[in-house]
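The values are calculated or read from the model by the stated rules, or taken from the named source; none is laboratory data. Please read all numbers here as calculations on a predicted model, not as lab measurements. Every residue, glycine among them, receives a Cβ derived from its backbone with ideal geometry; neighbour counts consider all protein chains shown. These area figures cover heavy atoms from the full protein model, side chains too; ligands, DNA and RNA do not enter into them. Shrake-Rupley method; radii C 1.70, N 1.55, O 1.52, S 1.80 Å.
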Amino acid sequence: HSLSASVKGSHNGVSHNHNDVGVYSVALGKTCMVQDPGNQAYNLDTFGPKRYDSVFRNSYGHIVPLPAGVLQKTGAKYGAKVVSTRFSDDRDTIVLDLSGAYADPRIIELSRSMTYCRDDETVIVEDVAAFTEPSSFETPVTTYGDVIETDRKDEFVVVRKDGGIE
């Protein structure tokens, strides 16, 4: 098997921006296991003032957190910071501070870590959030595979014809 994974840091002021700081993809061989849902056809509003009314161009339509129901903001000042990286022969880990992509004072902490494990061919994505008051927290995961729950409520496995990931 050939497992690959990517995660986006950067900011929301790039060309063809989608307000998707923290988005990630995971592939096993030639099969996408977890991925963005794609994009809609371009139309008159694609590059106009209604650009981010589309869920495929705002953060709601991407595999990024939705803390307290708040979408990511547009612009170069709304982005991620690399908190830490660790690389070894067995696994690689990156931790991103995503709080800067959201303009909401209730968010104290919002981080996403991705660990790529070569030894057992898994990818672990973990989100951590803290707020100044009780708040909702959602993280979508889009896949064309089957999602299998595990004994832990915050863990699942995605399975497709040629393998699975955690």
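For segment 75-86, check the following and say yes or no: at least one residue is open to solvent by 20 Å² or more (accessible area, probe 1.4 Å), of a type in the set (Phe, Trp, Tyr), over 25 Å from Phe156 (Cβ atoms) and touching a residue at least 24 places away in the same chain (Cβ under 8 Å). Taking every residue of segment 75-86 in turn, at least one turns out to be open to solvent by 20 Å² or more (accessible area, probe 1.4 Å), of a type in the set (Phe, Trp, Tyr), over 25 Å from Phe156 (Cβ atoms) and touching a residue at least 24 places away in the same chain (Cβ under 8 Å).
Filtering segment 14-60 to residues that are open to solvent by less than 40 Å² (accessible area, probe 1.4 Å) and either assigned to a strand (DSSP E or B) or touching a strand residue (DSSP E or B) at 6+ places or on another chain (Cβ under 6 Å) (or both) leaves Asn19, Val21, Gly22, Tyr24, Val26, Ala27, Leu28, Thr31, Met33, Val34, Gln35.
Within segment 1-34, how many residues are within 12 Å of the chain's Cα centre (by Cα), polar (S, T, N, Q) and within 14 Å of Tyr60 (Cα to Cα)? So the answer is 1. Among the residues of segment 86-102, what is the count of those that are part of a loop (DSSP other than H, G, I, E, B) and either more than 12 Å from Leu66 (Cα to Cα) or over 19 Å from the mean Cα position of the chain (by Cα) (or both)? Result for segment 86-102: 3.
Each row is one residue, and each column tells you yes or no for (1) open to solvent by less than 50 Å² (accessible area, probe 1.4 Å); (2) at pLDDT 95 or above; (3) under 21 Å from Ser59 (Cα atoms).
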residue	(1), (2), (3)
Ile108	no, yes, yes
Ser111	yes, yes, yes
Cys117	yes, no, no
Val128	no, yes, yes
Thr132	no, yes, no
Glu138	no, no, yes
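For Gln40, the requirement of being under 24 Å from Ala5 (Cβ atoms) and of a type in the set (S, T, N, Q) is not met.
When segment 109-135 is filtered for residues that are under 17 Å from the mean Cα position of the chain (by Cα) and in contact (Cβ under 8 Å) with a residue 24 or more places away in the chain, the ones remaining, listed by number, are Leu110, Ser111, Arg112, Met114, Thr115, Tyr116, Thr122, Val123, Ile124, Val125, Asp127, Ala129.
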